[in-house]
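Structure record follows, encoded as structure tokens.
The values are calculated or read from the model by the stated rules, or taken from the named source; none is laboratory data. The shown structure was predicted, so the numbers you read here are calculated from the model rather than taken from an experiment. Every residue, glycine among them, receives a Cβ derived from its backbone with ideal geometry; neighbour counts consider all protein chains shown.
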Amino acid sequence: MQNNISKHITFNEATKSPTAIRNGIKNEPNAQELSNMKLVAEKCFEPLREWYGKPIRVNSFFRCDKLNTLVKGSKTSQHVEGKAIDMDAGSKQENKKIFEWCKANLVFDQIINEYDYSWIHISYNASKNRNQILIVK
């Protein structure tokens, strides 16, 4: 299960969590969650990365239930299903650029400007994407 999620996202990058490591949690997706992750990467991350032309850091992608609880994630977090990714392009200014590009160019379930562009959350479903644009302050 150590294959890359996509061209620019490694399996390790998509599942690594300092909190999981500290707490001895095995943060590995099952086959369906991995399939969801590959779809998010294909439909959202890779088109963005190709347009942006520079590395974009993956802050959080997959979170097992136990890890999601420890990091105080939402009980309905799409990270638990492998359907959401949090990204950081290096600064609030760059994060605003990628947020605006995603909004204008991608189909997504949710895109969230988290804490004044500290990072960007984007999620994708195989069907019924809501194209919700949200802000967390």
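For residues that are among the polar types (S, T, N, Q), under 12 Å from residue 44 (Cα atoms) and not in a loop (DSSP other than H, G, I, E, B), tally how many sit in region 107-137.
The qualifying residues number 2.
Give me the pairs, please: first residue somewhere in region 107-133 and touching a residue at least 60 places away in the same chain (Cβ under 8 Å) and within 26 Å of residue 91 (Cβ to Cβ), second residue anywhere and among the acidic types (Asp, Glu) and in a loop (DSSP other than H, G, I, E, B), beta-carbon distance under 8 Å, and either six or more positions apart or on two chains.
123/109; 124/109
Of everything in region 1-29, what is free of Cβ contacts under 8 Å to residues at least 12 places away in the same chain, surrounded by 11 or more Cβ atoms within 10 Å (Cβ to Cβ) and not β-branched (Val, Ile, Thr)? Give them in sequence order. Give the steps one after another, and end with the answer.
Within region 1-29, the subset free of Cβ contacts under 8 Å to residues at least 12 places away in the same chain is 2-4, 10-12, 16, 18, 21-22, 24.
This time we only want the ones that are surrounded by 11 or more Cβ atoms within 10 Å (Cβ to Cβ), so: 4, 10-11, 16.
Within region 1-29, 4, 11, 16 meet the criteria.
Does at least one position in region 84-91 carry a residue that is under 13 Å from the mean Cα position of the chain (by Cα), assigned to a strand (DSSP E or B) and of a type in the set (D, E, K, R)?
yes
What is the number of the single condition among (1) surrounded by fewer than 19 Cβ atoms within 10 Å (Cβ to Cβ); (2) among the charged types (D, E, K, R); (3) touching a Ser or Thr at 6+ places or on another chain (Cβ under 7 Å) that residue 54 does not meet?
With (1) surrounded by fewer than 19 Cβ atoms within 10 Å (Cβ to Cβ); (2) among the charged types (D, E, K, R); (3) touching a Ser or Thr at 6+ places or on another chain (Cβ under 7 Å) applied to residue 54, the lone miss is (3).
Within the set of pairs 6 or more residues apart or between chains, which connect a residue that is closer than 7 Å to residue 25 by Cβ inside region 64-75 to a residue that is not in a loop (DSSP other than H, G, I, E, B) with Cβ atoms less than 6 Å apart?
Cβ pairs passing all conditions: 67/20.
When the residues of region 57-75 are filtered to those that are closer than 20 Å to residue 134 by Cα and among the hydroxyl-bearing types (Ser, Thr, Tyr), which remaining residue is surrounded by the most Cβ atoms within 10 Å (Cβ to Cβ)?
Just the residues of region 57-75 that are closer than 20 Å to residue 134 by Cα, to begin with: 58-61, 72-75.
If we keep only those that are among the hydroxyl-bearing types (Ser, Thr, Tyr) as well, we get 60, 74.
Details: 60: 23, 74: 9.
This residue is 60.
Out of region 72-81, which residues are more than 15 Å from residue 111 (Cα to Cα) and modelled with pLDDT of 95 or more?
If the condition is that a residue be more than 15 Å from residue 111 (Cα to Cα) and modelled with pLDDT of 95 or more, then 80, 81 are the ones that fit.
When only residues in region 37-51 that are touching a Phe, Trp or Tyr at 6+ places or on another chain (Cβ under 8 Å) and either without any contact (Cβ under 8 Å) to a residue 60 or more places away in the chain or not β-branched (Val, Ile, Thr) (or both) count, which is surrounded by the fewest Cβ atoms within 10 Å (Cβ to Cβ)?
The residue in question is 51.
Which of (1) in contact with a helix residue (DSSP H, G or I) (Cβ under 6 Å, 6 or more places away or on another chain); (2) outside any loop (DSSP other than H, G, I, E, B); (3) among the hydrophobic types (A, V, I, L, M, F, W, C) is the odd one out, the single condition residue 62 does not satisfy?
The one condition residue 62 does not meet is (2).
Please determine, by comparing only the residues of region 76-104 that are closer than 16 Å to residue 58 by Cβ and among the charged types (D, E, K, R), which one is surrounded by the fewest Cβ atoms within 10 Å (Cβ to Cβ).
94
Would you call residue 96 charged (D, E, K, R) and outside any loop (DSSP other than H, G, I, E, B)?
Working: charged (D, E, K, R): yes; outside any loop (DSSP other than H, G, I, E, B): yes.
So residue 96 fits the description; yes.
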